[in-house]
Amino acid sequence: LTQLFRPLDMLGMVYRTVRQGLIDMAEMFRLIDTEAEVKDVPGAPALVVRRPSITFDHVHFGYEPERTILHGLTFEVPAGSNIAIVGPSGAGKSTIARLLFRFYDPQRGRILVDGQDIAKVRQESLRAHIGIVPQDSVLFNDTIGYNIAYGREGAGQEEITAAAQAAAILPFIERLPQGFDTEVGERGLKLSGGEKQRVAIARTLVKDPPILLLDEATSALDSRTEQDILRTLKKVSAHRTTLAIAHRLSTIADADRILVLDHGKLAEIGTHGELLRHDGLYAEMWARQQAEKENDGVLES
Ligand code: ATP
C-alpha cells in the first residue's frame with residue numbers, strides 16, 4: 001500500500017513546493033527524479049575530496065533504453081582546471097551535467113570524482129561538493145538574505161555579506177531600504193536576469209564547493225551585464241575545478257580545454273586556438289556565431 005501511495009505523496013510534495021514558489025533546479029530534480037532514479041548503495045561511504053578531479057570513463061547513457069544519448073564518453077577534468085563543453089543542440093551537454101550531479105546513473109562506464117565512483121558514495125556527500133550556477137536561477141519567495149544563505153545551512157551574516165560582495169551584488173543590496181531583509185520573488189522585489197544570476201553566484205559562494213558546474217544562460221542578458229557576470233564567474237571559478245556548459249563560444253574561449261560534443265561523442269578536444277586551427281566542427285560553430293554577431297551589429301546600428 002505504501003508503494004501505491006508513494007507516487008501520490010511525491011506529486012503532492014512537488015505541487016506544494018511549486019505553489020509556494022520554492023522552485024530550485026536541484027530541489028526539483030531531487031523531488032522528481034532522484035527519488036525515482038538513483039539510490040544509495042546501503043552503507044555507502046561519503047565522498048572524500050582532496051583533489052577535485054572529474055573523470056568520465058567510457059560512459060554510456062540513455063534516458064530510455066532504446067535511445068542512447070552518450071556513447072562511451074571518456075574525458076578527464078584535472079583538479080583546479082577550467083573545462084568547457086560545447087556542441088550542437090541535443091548533443092548531450094546538459095546530460096553530462098545531470099550525470100555528474102547524479103540525477104541518473106550511467107548504464108555502462110563510471111564517473112569518478114577524485115578517483116571515487118560517484119555511484120558508490122552517498123548522493124548528499126557528492127552534491128555537497130558541487131555548486132551549480134544554473135541557466136535561469138529561480139529564487140525563493142523569501143528575503144534576498146535567505147536566498148543567499150540557502151547555499152549552506154547555518155551560514156552567518158558575515159559569510160552572506162562576503163559572498164554578496166564577491167558576487168558583485170552587495171552595492172545593489174545595500175541601496176535597498178531593507179537591505180538583506182528585502183523580500184524578493186513573485187510578491188516581492190522583482191530582480192533582473194543579471195541580478196538573479198548574481199544571487200545564484202552568491203549562494204554558490206556561501207556553499208564554497210570545490211567543484212563548479214556552470215550552465216550558461218541561454219536567456220539573453222544584455223552584453224554589458226553578460227560581460228560583468230563572466231568576469232565575476234571567472235574570479236569565482238579560479239582555484240576551483242570548473243565544468244562550463246556553453247552555448248555562446250565567446251564566453252568560454254579562454255577555457256583550459258574545450259570538449260566538443262557531437263551526437264553524444266567527443267568530436268574534438270583542445271584549446272580555442274588549437275580547435276580553430278583544426279578547422280573542424282568548433283571552427284565552423286565559431287565562424288557561424290561570429291557572422292551572427294556581425295549581423296546583429298548591423299541590425300542594431
Ligand atoms: P541544448 O544545447 O539544446 O541544451 P544539450 O546538448 O544540452 O542541448 P541534452 O539536454 O543533454 O542536450 O539532451 C541530449 C538528448 O537527450 C536530446 O536529444 C534530448 O531530447 C534528450 N533528453 C534530454 N532530457 C531527456 C529526458 N529527461 N528524457 C528523455 N530524453 C531526454
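Laboratory data are not the source of any read-out in this text; all were calculated from the coordinates shown. The structure presented is a predicted model; accordingly, all values stated were derived computationally and were not measured. Please note: Cβ atoms are built from the backbone with ideal geometry, for glycine as well, and neighbour counts cover all protein chains shown.
Taking θ as phi - 60°, what are the ³J(HN,Hα) couplings along the range 264-278 by the Karplus curve (6.51, -1.76, 1.60), each to the nearest whole Hz, with x for Gly and Pro?
Values per residue, Gly and Pro as x: x, 10, 6, 8, 8, 8, x, 7, 3, x, 4, 5, 5, 5, 5 Hz.
Can you bin the range 213-295 into rounded, prolate or oblate? Criterion: square roots of the alpha carbon gyration tensor eigenvalues sorted a ≥ b ≥ c, rounded for a/c under 1.5, prolate for a/b above b/c, oblate for the rest.
Here the range 213-295 falls in the oblate category.
Under 37 °C and 0.692 mPa s, how fast does the range 68-141 diffuse according to Stokes-Einstein, given a Kirkwood radius computed over C-alpha pairs? Answer in µm²/s, whole number.
234 µm²/s
Calculate one ³J(HN,Hα) per residue across the range 165-173 by plugging θ = phi - 60° into the Karplus curve 6.51 cos²θ - 1.76 cosθ + 1.60, and present them in order as whole Hz with x for glycine and proline.
So the J values, rounded to whole Hz, are 5, 5, 8, 6, 10, 4, x, 4, 5.
Order of Tyr63, Tyr104, Tyr282 from fewest to most other C-beta atoms within 10 Å? Mind dumping the intermediate values first?
On the way: Tyr63 11, Tyr104 18, Tyr282 24.
So the ranking, lowest neighbour count to highest, is Tyr63, Tyr104, Tyr282.
If you add up the charges near Gly131, with Lys and Arg at +1 and Asp and Glu at -1, over every other residue whose beta carbon is less than 12 angstrom from its beta carbon, what do you get?
Its environment carries a net charge of +3.
Provide the net charge surrounding Ser192, with neighbours chosen by a C-beta distance below 11 Å and charges set as Lys +1, Arg +1, Asp -1, Glu -1. Display every interim value, and only then the final one.
Working: positive: Lys190, Lys196, Arg198; negative: Glu195, Asp222.
Charge balance in the 11 Å sphere: +1.
How many nm is it between the label spots at His278 and Lys120, if each spot is 7 Å from the Cα in line with the beta carbon?
If labels sit at His278 and Lys120, their model points lie 3.2 nm apart.
Just the Cα atoms of the range 125-206: what Rg and Dmax do they give in Å?
Using the Cα atoms of the range 125-206, the pair Rg, Dmax is 11.8, 39 Å.
Could you check the simple spin-label distance between Glu186 and Arg248, using points 7 Å along Cα→Cβ, in nm with one decimal?
The two pseudo-label positions are separated by 3.0 nm.
Could you grab the Rg to Rh ratio for the range 178-255? Cα atoms only, Kirkwood for Rh.
Radius of gyration relative to Kirkwood radius: 0.99.
So how much slack lies between Thr271 and Asp57, counting 0.36 nm per residue of separation and subtracting their Cα-Cα distance, in nm?
74.9 nm
Return the long-range amide H neighbours of Glu268 (sequence gap of 5 or more, or a different chain), with a cut-off of under 5 Å between placed amide H atoms.
Result for Glu268 returns Val260.
Test of the criteria: in the range 139-171, which GluC sites (Glu not before Pro) are in a DSSP loop and have at most 11 other Cβ atoms within 10 angstrom of their Cβ?
Of the GluC sites (Glu not before Pro), the ones in loops of the range 139-171 whose Cβ has at most 11 other Cβ atoms within 10 Å are Glu153.
Give, as a single signed number, the net charge of other residues whose beta carbon lies under 12 Å from the beta carbon of Ser94, with Lys and Arg counted +1 and Asp and Glu -1.
Within the 12 Å Cβ shell, the charges total 0.
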